[in-house]
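The values are calculated or read from the model by the stated rules, or taken from the named source; none is laboratory data. Worth saying up front: this structure is predicted, and the values here are computed from it rather than measured. Here the Cβ positions follow ideal geometry from the backbone for every residue, glycine too, while neighbour counts run over all protein chains shown.
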Amino acid sequence: MIVLGLESSCDETGIALYDTERGLLAHALHSQVAMHEAYGGVVPELASRDHIRRAIPLLDQCLQDASLVCSDIDAIAYTQGPGLAGALLVGASVACSLGLALDLPVLGVHHLEGHLLSPLLSPNPPEFPFVALLVSGGHTQLMRVDGVGRYALLGETVDDAAGEAFDKSAKLLGLGYPGGPAISALANLGNPATHQLPRPMLHSKDLNFSFSGLKTAVLTVVKKHPQALSEQDKADIARGFVDAIVDVLTAKCLAALKQTGLQRLVIAGGVGANLQLRASLNAAAAKRRFKVFYPALEFCTDNGAMIAFAGARQLMENPAAAVRDYAFNVKPRWPLSECRSGLLA
Ligand code: KG4
Ligand code: ZN
């Protein structure tokens, strides 16, 4: 079965073709980062308009790369939520129009489920069950994953998401959008001893996170500076920020492994691309003998492959999940707990 996947929840248009027998056949992505950069963040209306422009050319590219034609597709999966309403509507309308035109079943996929399952696209995927840390621009959650559609929430952020903390702190340092990769690169040049920033909720004895105080700590350091920040000042602050957030994320992952008794950890979402976080988790894994799995870097941030894959896995378990009802709706706010099979606990 060949599943076409469409991702358009935020500022990336992702299209992919996944074959349940042969694996990922092709994927193509257009990032709108350059377009939104001038505004310091995503402009929803511009995002929607750009998705409209990109979707079909990217689909053509995928079909060409995979040497397929539209009639080879068996089902269509699109991101139904959560995300920006207008951006989601573009993906949903493209998916449903294609479904109607080609007489194909269509399936709405939860964006976070795509992220959660993205490490399974790797050549050496983790077996179930595992603990997953989902760290993106909009979410920070620890989940227990027992199988496709079997997700139990262990803990989550009570305020900002980890990616949001990266982006907001980067903005305070005058770095571009999105700030995660920039602040991470700058941190490598910083002195770890200059700023000891707070590690919020490190000892909270639960698996929840809080990052808004960390961003405020960055703001306080920036404001206290007597003169304009030098490049070294910025690097030192970046280092203080990255060390703090990585410490908290690592400690909570270890606590989740301990609480569940599991020995496999999966990192998903854009912040999973962060190299300092990976180094810290790898060091902890070597010391404590658990295994840590990451999606390929290109599948950490938003992409169509994870949506095609999540759709395909869902259809393999329940072919009736896809329907020929093309009256679509999107779910900009959609807790994973309310998605089809729901949470275990
Ligand atoms: O998963 P994603 O592409 O989109 C959402 O669903 O939100 O995640 C985007 C987030 C942004 O906040 C971005 O700054 C962050 O992931 N990010 C990073 C890195 N690459 C992307 N944060 C830290 N280090 C990185 N290397
Ligand atoms: Zn995402």
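Can you name the number of the only condition in (1) in a loop (DSSP other than H, G, I, E, B); (2) at pLDDT 95 or above that F166 fails?
With respect to (1) in a loop (DSSP other than H, G, I, E, B); (2) at pLDDT 95 or above, F166 is out only on (1).
When you go through R22, R53, R49 one by one, which is the residue that is surrounded by fewer than 18 Cβ atoms within 10 Å (Cβ to Cβ), without any contact (Cβ under 8 Å) to a residue 12 or more places away in the chain and within 19 Å of L120 (Cβ to Cβ)?
On the way: R53 fails: within 19 Å of L120 (Cβ to Cβ); R49 fails: within 19 Å of L120 (Cβ to Cβ).
After ruling out the rest, the residue left standing is R22.
Go through segment 169-202 and give me each residue that's part of a loop (DSSP other than H, G, I, E, B) and under 20 Å from the mean Cα position of the chain (by Cα).
Of all residues in segment 169-202, those part of a loop (DSSP other than H, G, I, E, B) come to 173-178, 188-202.
Listed by number, the residues that qualify are G176, Y177, P178.
Is it true that some residue in segment 301-309 is at pLDDT below 95 and not basic (K, R)?
Start the filter on segment 301-309 by keeping residues that are at pLDDT below 95, which leaves 301.
This time we only want the ones that are not basic (K, R), so: 301.
Scanning segment 301-309 turns up at least one residue that is at pLDDT below 95 and not basic (K, R).
Could you grab me the full set of residues in segment 180-220 that are crowded, with 19+ Cβ neighbours inside 10 Å and β-branched (V, I, T)?
I183, V218
Table: residues versus (1) in contact with a helix residue (DSSP H, G or I) (Cβ under 7 Å, 6 or more places away or on another chain); (2) in contact (Cβ under 8 Å) with a residue 24 or more places away in the chain; (3) part of a helix (DSSP H, G or I).
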{"site": "A244", "(1), (2), (3)": "yes, yes, yes"}
{"site": "D247", "(1), (2), (3)": "no, yes, yes"}
{"site": "V271", "(1), (2), (3)": "yes, yes, yes"}
{"site": "K287", "(1), (2), (3)": "no, no, yes"}
{"site": "V292", "(1), (2), (3)": "yes, yes, no"}
{"site": "D302", "(1), (2), (3)": "no, yes, no"}
{"site": "A320", "(1), (2), (3)": "no, no, yes"}
{"site": "Y326", "(1), (2), (3)": "yes, yes, no"}
{"site": "N329", "(1), (2), (3)": "no, yes, no"}
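Looking at V3, V109, V94, V42, which is the one that is over 30 Å from P125 (Cα atoms) and either in contact with a strand residue (DSSP E or B) (Cβ under 7 Å, 6 or more places away or on another chain) or assigned to a helix (DSSP H, G or I) (or both)?
Details: V3 fails: over 30 Å from P125 (Cα atoms); V109 fails: over 30 Å from P125 (Cα atoms); V42 fails: either in contact with a strand residue (DSSP E or B) (Cβ under 7 Å, 6 or more places away or on another chain) or assigned to a helix (DSSP H, G or I) (or both).
On inspection, the qualifying residue turns out to be V94.
Given L89, L68, which one is surrounded by fewer than 22 Cβ atoms within 10 Å (Cβ to Cβ), touching a residue at least 24 places away in the same chain (Cβ under 8 Å), over 26 Å from the mean Cα position of the chain (by Cα) and over 15 Å from G114 (Cβ atoms)?
Values: L89 fails: over 26 Å from the mean Cα position of the chain (by Cα).
Exactly one of L89, L68 is surrounded by fewer than 22 Cβ atoms within 10 Å (Cβ to Cβ), touching a residue at least 24 places away in the same chain (Cβ under 8 Å), over 26 Å from the mean Cα position of the chain (by Cα) and over 15 Å from G114 (Cβ atoms), namely L68.
Could you tell me whether any residue of segment 275-288 is over 17 Å from the mean Cα position of the chain (by Cα), over 30 Å from L172 (Cβ atoms) and not small (G, A, S)?
Checked against the condition, which is being over 17 Å from the mean Cα position of the chain (by Cα), over 30 Å from L172 (Cβ atoms) and not small (G, A, S), segment 275-288 yields at least one hit.
Across segment 203-221, what is the number of residues that are closer than 17 Å to D243 by Cβ, touching a residue at least 12 places away in the same chain (Cβ under 8 Å) and more than 23 Å from the chain's Cα centre (by Cα)?
3
Just checking, does segment 256-266 include any residue being exposed (fewer than 15 other Cβ atoms within 10 Å of the Cβ) and part of a helix (DSSP H, G or I)?
Looking through segment 256-266, at least one residue is exposed (fewer than 15 other Cβ atoms within 10 Å of the Cβ) and part of a helix (DSSP H, G or I).
Looking only at segment 64-84, which residues are within 16 Å of ligand 2 (Cβ to nearest atom) and more than 14 Å from Y18 (Cα to Cα)?
First, pick out the residues of segment 64-84 that are within 16 Å of ligand 2 (Cβ to nearest atom): 77-84.
Scanning segment 64-84 gives T79, Q80, G81, P82, G83, L84.
Taking the condition hydroxyl-bearing (S, T, Y), within 16 Å of ligand 2 (Cβ to nearest atom), on the phi < 0 side of the Ramachandran plot and surrounded by fewer than 22 Cβ atoms within 10 Å (Cβ to Cβ), does Y177 pass? I'd like the intermediate steps shown before the answer.
Working: hydroxyl-bearing (S, T, Y): yes; within 16 Å of ligand 2 (Cβ to nearest atom): yes; on the phi < 0 side of the Ramachandran plot: yes; surrounded by fewer than 22 Cβ atoms within 10 Å (Cβ to Cβ): yes.
Here the answer is yes, as Y177 does meet what is asked.
For A238, state whether it is at negative phi, of a type outside the set (V, I, T) and crowded, with 22+ Cβ neighbours inside 10 Å. Outline the logic, then answer.
Details: at negative phi: yes; of a type outside the set (V, I, T): yes; crowded, with 22+ Cβ neighbours inside 10 Å: yes.
Answer is yes for this residue.
Filter segment 71-86 down to residues that are more than 21 Å from the chain's Cα centre (by Cα) and hydrophobic (A, V, I, L, M, F, W, C) and give me whichever is surrounded by the fewest Cβ atoms within 10 Å (Cβ to Cβ). It would help to see each step written out before you state the result.
Taking segment 71-86 as the starting set, the residues that turn out to be more than 21 Å from the chain's Cα centre (by Cα) are 71-75.
Subset that is hydrophobic (A, V, I, L, M, F, W, C): 73, 75.
Values: I73: 19, A75: 24.
Per the stated criteria, the residue is I73.
Pick from segment 112-134 the residues that are more than 13 Å from ligand 2 (Cβ to nearest atom) and part of a helix (DSSP H, G or I): which of them is surrounded by the fewest Cβ atoms within 10 Å (Cβ to Cβ)?
L120
Considering only residues that are modelled with pLDDT of 95 or more, more than 20 Å from Y177 (Cβ to Cβ), within 16 Å of ligand 2 (Cβ to nearest atom) and surrounded by 19 or more Cβ atoms within 10 Å (Cβ to Cβ), which ones fall in segment 135-163?
Residues satisfying the conditions are Q141, M143, T157.
Would you check which residues across segment 167-197 are more than 13 Å from V222 (Cβ to Cβ), near ligand 1 (Cβ under 10 Å from one of its atoms) and not small (G, A, S) and list them?
Correct list: D167, Y177, P178, P181.
For segment 274-285, name all the residues that are touching a residue at least 24 places away in the same chain (Cβ under 8 Å) and within 15 Å of ligand 1 (Cβ to nearest atom).
So in segment 274-285, the residues touching a residue at least 24 places away in the same chain (Cβ under 8 Å) come out as 274-277, 280-281, 284.
Answer for segment 274-285, where residues must be touching a residue at least 24 places away in the same chain (Cβ under 8 Å) and within 15 Å of ligand 1 (Cβ to nearest atom): N274, L275, Q276, L277, S280, L281.
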